[in-house]
Amino acid sequence: MKKFLCFALFLFSVLTINAQQPYVLLVSFDGFRWDYLNRNITPTFDSIKQIGVKALSLQPSFPSKTFPNHYTIVTGMYPEHHGIISNFFKNRVTGDIYKLSSKEAVQNSQWYDGEAFWQTAEKNNIKTASYFWPGSEVDLNYRHPSYFEEYEHERDYSMRIDGVINWLRLPYDQRPHFITLYFDAADTYGHRYGPNSNELNETIKKLDKIVSEISGKLKSIEMQDSVNLIIVSDHGMTETSPDKTINIEEFINEYVYELDGDGPVVMIQPETKFKDSVYSILKRNENHYKVYKKNEMPGYYHFSEHPFIYDIIVIADVGWSLIKNSMLEKINNYFRGGNHGYDNHHLDMHGIFVATGPAIKSNYTTGTIRNIDIYPLLCRIFSITPRSTIDGEIEKIEFILK
Ligand code: AMP
Ligand code: ZN
Ligand code: ZN
């Protein structure tokens with residue numbers, strides 16, 4: 001009898017603890033600029049806004065690129081602290097290269113510092129899943145979600161949603177409570193045709209229907225009222241043009257250096273004896289870009305502390321593109337539509353934040369939210385303690401919760 005009582009008590013406590021666990025579905029629409037929601041072509045977003053929270057914009061971290069920002073959203077850290085400082089960078093000690101097109105690199109845990117929310121959650125007995133998210137495929141069991149899909153760019157969008165729904169239909173003890181979901185289209189079409197094109201607007205309409213499909217399918221499994229749906233984007237987009245390009249190599253051809261990146265941001269590592277000369281000549285020609293020494297980067301960029309950041313950083317003015325010698329011949333092939341990666345304070349680089357669900361206030365509009373504050377928000381929703389060494393602050397975002 002005593003044994004039975006103990007077991008019953010245990011069962012009761014397990015069930016009540018789990019029953020209290022909330023659900024969060026974190027959806028990212030890559031490159032969805034904040035003002036795409038103001039074009040009168042997003043009826044589903046409009047209806048979510050009324051029953052939930054909409055921020056004026058979501059401020060990305062610098063550089064306003066895909067991998068740094070998706071990883072910031074799930075870690076609450078600036079790229080200089082979580083280590084994914086760009087979509088492409090080098091470990092100059094080992095020569096290893098990180099790039100998003102390399103499966104081997106994106107799955108190699110050595111690049112990722114900090115702790116993604118799925119790791120914090122799993123430590124607290126919350127099951128997690130990811131239908132695509134940068135950093136979710138790392139090769140250490142304790143650092144990836146219980147369930148995840150390997151990134152496949154062409155995977156059908158409805159299939160992605162069905163994957164999430166199938167996870168939510170799992171028996172309770174196997175069911176994830178935190179799930180990520182990712183769609184590239186706004187970024188892909190924004191690059192190709194620019195943020196002011198008809199093609200991009202058609203894409204926005206399709207993505208609005210995707211939100212409707214997500215809501216509809218949550219409803220079909222009777223979970224629409226229990227899931228907190230948080231929709232974000234990693235950055236915005238601005239129009240570029242082959243006429244607004246600067247070949248910075250033209251100024252420094254006589255020196256020896258390594259140069260990585262193109263477009264909005266370039267990092268240069270000159271041979272030590274040339275460091276001051278390279279900086280001075282770029283400074284003298286500073287027009288449509290800004291050049292900084294790593295240790296003199298303005299604090300508001302939060303981009304100086306990581307050892308893989310090169311000694312000189314060049315940032316193009318919004319809409320301008322930095323190019324190198326090797327691109328000169330085919331310059332008309334580059335920078336036709338849109339791009340991002342620029343100063344994260346410029347509104348064109350800002351993304352969206354829209355949320356609804358049992359934990360979220362209804363019919364509430366707020367100003368700009370910072371993407372570093374989403375990790376502590378997730379911790380608060382699940383009532384778990386965030387990692388102490390983060391950059392995000394719960395005080396800057398908690399007012400959107402009930
Ligand atoms: P970018 O516009 O260069 O900042 O990067 C956008 C691209 O990142 C998308 O078009 C995707 O192909 C790629 N991408 C997004 N998520 C992932 C992922 N989890 N793994 C690999 N590539 C990804
Ligand atoms: Zn992106
Ligand atoms: Zn992009």
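Taking the criterion of being in contact with a strand residue (DSSP E or B) (Cβ under 9 Å, 6 or more places away or on another chain) and within 16 Å of ligand 3 (Cβ to nearest atom), the residues of region 164-188 that qualify are Y182, F183, D184, A185, A186, D187.
Within region 319-339, being more than 23 Å from the chain's Cα centre (by Cα) and not hydrophobic (A, V, I, L, M, F, W, C) holds for K324, N325, S326, E329, K330, N332, N333, Y334, R336.
Tally up the residues in region 299-322 that are over 24 Å from Y255 (Cα atoms) and open to solvent by less than 30 Å² (accessible area, probe 1.4 Å), please. Residues that pass the stated criteria total 4. Considering the conditions (1) more than 21 Å from D46 (Cα to Cα); (2) at pLDDT 95 or above; (3) in contact with a Phe, Trp or Tyr (Cβ under 8 Å, 6 or more places away or on another chain); (4) more than 16 Å from ligand 1 (Cβ to nearest atom), S226 is excluded by exactly one of them, (1).
Per-residue answers, yes or no, for (1) out of contact with any helix residue (DSSP H, G or I) (no Cβ under 9 Å at 6 or more places or on another chain); (2) surrounded by 20 or more Cβ atoms within 10 Å (Cβ to Cβ):
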position: Q50; (1), (2): yes, no
position: L56; (1), (2): no, no
position: Q59; (1), (2): no, yes
position: T66; (1), (2): no, yes
position: V74; (1), (2): no, yes
position: I85; (1), (2): no, yes
position: Q107; (1), (2): yes, no
position: T128; (1), (2): no, yes
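P376 meets the conditions (1) assigned to a loop (DSSP other than H, G, I, E, B); (2) open to solvent by less than 20 Å² (accessible area, probe 1.4 Å) in every case but one. The failed one is (1). Of the residues making up region 221-241, those that are touching a helix residue (DSSP H, G or I) at 6+ places or on another chain (Cβ under 8 Å) and either open to solvent by 20 Å² or more (accessible area, probe 1.4 Å) or within 16 Å of ligand 3 (Cβ to nearest atom) (or both) are I221, Q224, V232, S233, D234, H235, G236, M237, T238.
Selection of first residues in region 322-345 that are within 20 Å of G236 (Cβ to Cβ) and within 14 Å of ligand 3 (Cβ to nearest atom) and of second residues that are β-branched (V, I, T) and open to solvent by 30 Å² or more (accessible area, probe 1.4 Å), restricted to Cβ pairs under 7 Å at least 6 apart or on distinct chains, gives the following pairs, ordered by first then second residue: F335/T245; Y342/V318.
Yes or no, residue by residue, for (1) modelled with pLDDT of 95 or more; (2) of a type in the set (F, W, Y); (3) open to solvent by 50 Å² or more (accessible area, probe 1.4 Å):
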position: F335; (1), (2), (3): no, yes, no
position: H340; (1), (2), (3): yes, no, no
position: L347; (1), (2), (3): yes, no, yes
position: F353; (1), (2), (3): yes, yes, no
position: R370; (1), (2), (3): yes, no, yes
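Of note, S388 does not satisfy the criterion of being in a loop (DSSP other than H, G, I, E, B) and over 22 Å from P79 (Cβ atoms).
Here's the yes/no breakdown for (1) within 16 Å of ligand 1 (Cβ to nearest atom); (2) under 15 Å from N371 (Cβ atoms):
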residue: L37; (1), (2): no, no
residue: N40; (1), (2): no, no
residue: I48; (1), (2): no, no
residue: G52; (1), (2): no, no
residue: S57; (1), (2): no, yes
residue: T72; (1), (2): yes, yes
residue: G76; (1), (2): no, yes
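Determine whether E258 is touching a strand residue (DSSP E or B) at 6+ places or on another chain (Cβ under 6 Å), of a type in the set (D, E) and surrounded by fewer than 17 Cβ atoms within 10 Å (Cβ to Cβ). So E258 fits the description; yes. The set of residues from region 266-296 being within 30 Å of I372 (Cα to Cα) and open to solvent by 20 Å² or more (accessible area, probe 1.4 Å) comprises Q269, H288, K290, Y292, K293, K294, N295, E296. Would you confirm whether any residue within region 123-132 is under 25 Å from I390 (Cβ atoms), within 16 Å of ligand 2 (Cβ to nearest atom) and in contact (Cβ under 8 Å) with a residue 60 or more places away in the chain? Scanning region 123-132 turns up no residue that is under 25 Å from I390 (Cβ atoms), within 16 Å of ligand 2 (Cβ to nearest atom) and in contact (Cβ under 8 Å) with a residue 60 or more places away in the chain.
Of the candidates I394, I400, I372, I390, the single residue that is among the aliphatic types (A, V, I, L, M) and over 19 Å from the mean Cα position of the chain (by Cα) is I400.
Cβ separations smaller than 8 Å between residues 6+ apart or across chains give the following pairs from region 24-53 residues that are assigned to a loop (DSSP other than H, G, I, E, B) to residues that are away from ligand 3 (no atom under 16 Å from the Cβ) and of a type in the set (D, E): I41/D208; T42/D208. Would you confirm whether or not region 28-35 contains a residue that is open to solvent by 10 Å² or more (accessible area, probe 1.4 Å), touching a strand residue (DSSP E or B) at 6+ places or on another chain (Cβ under 9 Å), modelled with pLDDT under 95 and away from ligand 3 (no atom under 15 Å from the Cβ)? So far as region 28-35 goes, no, none of its residues is open to solvent by 10 Å² or more (accessible area, probe 1.4 Å), touching a strand residue (DSSP E or B) at 6+ places or on another chain (Cβ under 9 Å), modelled with pLDDT under 95 and away from ligand 3 (no atom under 15 Å from the Cβ). Answer yes or no: is there a residue in region 26-35 that is out of contact with any Ser or Thr (no Cβ under 7 Å at 6 or more places or on another chain), more than 30 Å from S197 (Cβ to Cβ) and within 16 Å of ligand 1 (Cβ to nearest atom). For region 26-35, residues out of contact with any Ser or Thr (no Cβ under 7 Å at 6 or more places or on another chain), more than 30 Å from S197 (Cβ to Cβ) and within 16 Å of ligand 1 (Cβ to nearest atom): absent.
The values are calculated or read from the model by the stated rules, or taken from the named source; none is laboratory data. All values reported here derive from a predicted model rather than from experimental measurement. All Cβ positions, even for glycine, are placed from backbone atoms using ideal geometry, and neighbour counts span all protein chains on display. Surface areas here come from the heavy atoms of the whole protein model, side chains and all, with no ligands, DNA or RNA. Shrake-Rupley method; radii C 1.70, N 1.55, O 1.52, S 1.80 Å.
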